[in-house]
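What follows is a short report on a single structure.
The values are calculated or read from the model by the stated rules, or taken from the named source; none is laboratory data. Note that this is a predicted model, so its numbers are computed, not measured. Because the Cβ atoms are built from the backbone with ideal geometry, glycine has one as well, and the counts that use them run over all protein chains shown.
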Amino acid sequence: MIDIMSFSEEECINYTLLKNQPSYRGKQLYGWLRKGISSFEEIKNLPKTFIDEIKAECFLAICTPVRIQISADGTRKYLFSLTDGETVESVFMKYRHGNTACISTQAGCRMGCTFCASTVGGLKRNLYPSEMLSQITEIQKDTGERISNIVLMGMGEPLDNYDNVIKFLHLVNDSQGLNIGYRHISLSTCGIIENINRLAEEGLPITLSVSLHAPNGEIRKQIMPIAKKYDYDSLLDACKAYADKTKRRISYEYALIAGINDRPEDAYELGNRLKGSLCHINLIPLNKTDRKIYKTSEKSHIESFKNILESYKITVTVRRSLGSDISAACGQLRSQHLNQNGENSGF
C-alpha cells in the first residue's frame, strides 16, 4: 500500500497522470491531503472512480488519539496510535510567542540515553512524513488552535530517520499545507555527526538543538551510549561547522542530573569549551521517571550553573517545566501504556 499523505504536490501530479487523470486533479488531491483528511470519502471534487482507485492502492497514515492528558498549566500530552498499532507521543504547549507542538519522529528509540524513557523497548520503526504531519493536524483539531512552532524533540532521534524528516520539513513548510516557517522549527539530535553535516548542506534555516548533557566525553559516555561512537570534540567541531555554514546559532540541550553533571566544575569546563562559539545553552531540570535512578538538581545548583556559564558571555536559559503533572517528558506516557498492556514485562 502507498503512503499517499507523504506525497509532495509533484508526486500527486505524477500519480494522477499515471491514472490517466489530468494534472490539475493531482493539485486537487494534494490540497485535500494537506488538509489532514481522515478518510478518502472527504474528498469532494475528484471523480468517484478515481477515488476508488486511490482507496485500492493507498492508505492514510493517520495518528489516532488513544489518550490525552491535560495539565493545570494548559499543556496537553497525547498518546497516538499509528495504523499498525504502534504508539507515539506528542505534546502541545502554550507560550506567549505562540503554540508549540513537540512531535515524535520514531516509534521508540535506539539511542539508549539512560535518563530518557523513550528508549524503553528500543526502536520499533521510523515514522513516515505523513505521521509526523498527522500529529500536528490532530493536535490542531483537538485544541481548535493553530500550531505556529514545532520541535522535533519527542520520541526518537530525528537524524536517525533522516530522509523522512527532511521530507516532512518540506511538507510542513509548504504554503498550501500547514505553512509553518523553517525558523519556527527546531530539530533535536543526540549527535549523529555525518547527518549533522548533511543537514548543514540542506539550506534549511531551522534551529539545530544538540543534546549535549555533559561537559566532557567521559561523563557523556556514562549517560549517552552514542558518545562511544562519536567523540565529544568531534561533535563540537561538527556543530561549529554547522553554525559557520548556516549562520544559525546552535542550541545545546543540557539536562541537569544531580551529582553527575551539575557541579560547579562541570559548569566551568562547559563554559571553557563553548565560550566564543555561536550558541545558546538550554538548561533542563531533569524530569523524574519511575524507571530511572537519577535525581533532579536542586534549584540552587541550577541557578549557580547558569550564573557560571553566563560569566563566559554565553546565552543561557532554564527551560520552564510544563506538564510535570501529566508525565509530559519524552516516553513516559507511552511507557505507562505499554506496561498496562503487558508489553514491557521483564524490563
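Suppose we filter region 108-128 for residues that are among the β-branched types (V, I, T) and at pLDDT 95 or above; how many remain?
Here is the first cut: in region 108-128, the ones among the β-branched types (V, I, T) are 114, 119-120.
Restricting the remaining residues to those that are at pLDDT 95 or above gives none.
Qualifying residue count for the region: 0.
Is it the case, given these coordinates, that S134 is of a type in the set (S, T, Y), assigned to a strand (DSSP E or B), touching a residue at least 12 places away in the same chain (Cβ under 8 Å) and closer than 22 Å to D163 by Cβ?
On the way: of a type in the set (S, T, Y): yes; assigned to a strand (DSSP E or B): no; touching a residue at least 12 places away in the same chain (Cβ under 8 Å): yes; closer than 22 Å to D163 by Cβ: yes.
No: the conditions fail for S134.
Give me a count of the residues in region 91-114 that are on the phi > 0 side of the Ramachandran plot and in a loop (DSSP other than H, G, I, E, B).
From region 91-114, those on the phi > 0 side of the Ramachandran plot are 98, 108, 112; that's our starting set.
Narrowing the set further to residues that are in a loop (DSSP other than H, G, I, E, B) leaves 112.
Qualifying residue count, region 91-114: 1.
How about region 203-238: which of its residues are of a type in the set (A, V, I, L, M), closer than 22 Å to D262 by Cβ and surrounded by fewer than 22 Cβ atoms within 10 Å (Cβ to Cβ)? First the steps, then the outcome.
The initial filter retains those residues of region 203-238 that are of a type in the set (A, V, I, L, M), namely 204, 206, 208, 210, 212, 214, 219, 223-224, 226-227, 235-236, 238.
Add one more test, that the residue is closer than 22 Å to D262 by Cβ, and what stays is 210, 212, 214, 219, 223-224, 226-227, 235-236.
Selection gives I219, I223, I226, L236.
Out of L187, L169, which single residue is within 22 Å of N99 (Cα to Cα), at pLDDT 95 or above and part of a helix (DSSP H, G or I)?
After applying the criteria, what remains is L169.
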